[in-house]
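Read the structure below first, then the notes.
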Amino acid sequence: MSIIIAIDGYSSCGKSTVAKEVAKKLGYIYIDSGAMYRAVTLYCLRNGLAPGGVVNEEELRLHIDKIHIRLVFNPALQKHETFLNGENIEEEIRRPEVANLVSPVSIIGFVRDALVKQQREMGQNKGIIMDGRDIGTVVFPEAELKIFMTASPEVRAKRRYDELMAKGVHVEIEDIIHNIQDRDRIDSTREISPLRQADDAIVLDNSNLTREEQLDWVLEKAEERL
Ligand code: DC
């Protein structure tokens, strides 16, 4: 039997790292729902829909049906890639310009409706692990396994910093901390689908866990539900 695994939590908690590894072990599809919000954000930036950092909602509404997002696993590179209208935008959506605008984009109701609809379609046949903010609460309230991940802000900032530096994107650690704090605040206080722990989610604090330890922890919980 296949199940749905929902992983929610603050940004840079390592949700995607563990989710990808679990997907590989179980032969499941992995979906990074944050990449979908980032893709819409990049579309806004490229099309002048956020002048001065303020999203023009009315304009975006006219464009929303023209935004086609695909998430594909590239077996040659052993890597998940995000496509926006046929173009590989995986690298671009990780940039700070996108990170700085993604929270305001993701509070827009019609954006969420469009993306949640696609996410549910992706989970139709189960055998899926999806990470985000509202997966266990809104997208798949019936998911068999719900995990709420946390880690200390310092650990999260350091991880995001190392990740960006490894990609050659130069940033200041203070800017990362500010971005993380801002996003935490917006993600958890927004009116629509705020980040919150589902009542039946189990908490995974990975501040002091190795990759292997957290992978084993999730696999054990998944196996109990298979
Ligand atoms: O997981 P991430 O940092 O790549 O997500 C980017 C942003 O997208 C995050 O700040 C909030 C938003 N998001 C959301 O609102 N709902 C989701 N299910 C996933 C992400």
Report summary line: Here the relative contact order (percent) of segment 1-125, from C-alpha pairs under 8 Å and at least 6 apart, is 23 percent
Query raised in the report: Where the only charges are on Cβ atoms (+1 Lys, Arg; -1 Asp, Glu), what is the dipole of segment 53-154 about its Cα centre, to the nearest 20 debye?
Result: 280 debye
Query - Two-site label geometry, Glu213 and Gln78: point separation in nm, points 7 Å out along Cα→Cβ - result: 2.4 nm
Requested in this report: Work out the charge dipole of segment 99-161 with +1 on the Cβ of Lys and Arg and -1 on the Cβ of Asp and Glu about the Cα centre, then indicate which of Val116, Ser106, Ala157 is farthest towards its positive end.
Outcome: Ala157
Report task. Assign unit charges at the C-beta atoms only (+1 for Lys and Arg, -1 for Asp and Glu), then state the dipole size of segment 83-141 relative to its Cα centre in Debye, rounded to the nearest 20. Result -> 300 debye
Report summary line: Any GluC sites (Glu not before Pro) in segment 171-226 that lie in a DSSP loop and have at most 10 other Cβ atoms within 10 Å would be Glu172, Glu191
Report task. Could you state the angle between the C-alpha long axis of helix 153-166 and the longest principal axis of the C-alpha atoms of the chain, as a value from 0 to 90 degrees rounded to the nearest 10? Result -> 70 degrees
Query raised in the report: Which value, in Å² rounded to 10, gives the accessible area of Val116 with a 1.4 Å probe and all protein chains present?
Result: 10 Å²
**Report entry** Length gained when the stretch Glu174-Glu224 is fully extended (0.36 nm per residue, less Cα-Cα span)
**Finding:** 13.9 nm
Report task. Would you mind classifying segment 105-226 by shape? Square roots of the alpha carbon gyration tensor eigenvalues, ordered a ≥ b ≥ c; an a/c under 1.5 is rounded, otherwise it is prolate if a/b is larger than b/c and oblate if not. Result -> oblate
Requested in this report: Enter the accessible area per residue of the chain (Å², integer; probe 1.4 Å; all protein chains in place).
Outcome: 50 Å²
Report summary line: per DSSP, antiparallel bridges as share of beta bridges in the chain, % nearest 5, sits at 30 percent
Query raised in the report: Once amide H atoms are built 1.01 Å from N in the peptide plane, which residues 5 or more positions from Ile29, or in another chain, come under 5 Å H to H?
Result: Ile128, Ile129
Report task. Rank these by accessible area, largest first, 1.4 Å probe: Leu71, Leu42. Result -> Leu71, Leu42
Query raised in the report: Which of the residue pairs Lys117/Lys146; Lys79/Lys117; Lys117/Lys221 have a Cα-Cα distance greater than 22 Å in the structure shown?
Result: Lys79/Lys117; Lys117/Lys221
Requested in this report: Might you report the magnitude of the Cβ-based charge dipole of the chain about its Cα centre, with Lys and Arg at +1 and Asp and Glu at -1, to the nearest 20 debye?
Outcome: 360 debye
Requested in this report: Just the number, please: carbon plus sulfur as a percent of the accessible area of the chain, 1.4 Å probe, no ligands or DNA/RNA counted.
Outcome: 50 percent
Query raised in the report: Percent relative contact order of segment 10-74, based on C-alpha pairs within less than 8 angstrom and at least six residues apart?
Result: 24 percent
Query raised in the report: What ranking of Lys20, Lys117 comes out by heavy-atom accessible area, probe 1.4 Å, highest first?
Result: Lys117, Lys20
Report task. Select from Ile7, Tyr28, Ile69 the residue farthest towards the positive end of the dipole of segment 1-101; place +1 on Cβ of Lys and Arg, -1 on Cβ of Asp and Glu, and compute about the Cα centre. Result -> Tyr28
Query - Among Leu84, Asn179, Gln197 the positive-end extreme of the charge dipole of the chain (Cβ point charges) - result: Leu84
Report summary line: Length-normalised contact order of segment 148-212, Cα under 8 Å, at least 6 apart, in percent, tallies to 50 percent
Query - Calculated [θ] (222 nm, deg cm²/dmol) that DSSP helices of n ≥ 4 give over the chain, each run adding -39,500 (n - 2.57) - result: -14500 deg cm²/dmol
Requested in this report: Under 1.5 on a/c is rounded, so check that first for segment 46-98, then, if it is not, pick prolate when a/b is larger than b/c and oblate when it is not; a ≥ b ≥ c are the square roots of the alpha carbon gyration tensor eigenvalues.
Outcome: oblate
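The values are calculated or read from the model by the stated rules, or taken from the named source; none is laboratory data. Quick caveat: nothing in here was measured; it's all calculated off a predicted structure. Counting neighbours? That spans all protein chains shown, and the Cβs are built from the backbone with ideal geometry, glycine included. Ligands, DNA and RNA are stripped out before the accessible areas are found, and what is left, the full protein with its side chains, is counted by its heavy atoms. Shrake-Rupley method; radii C 1.70, N 1.55, O 1.52, S 1.80 Å.
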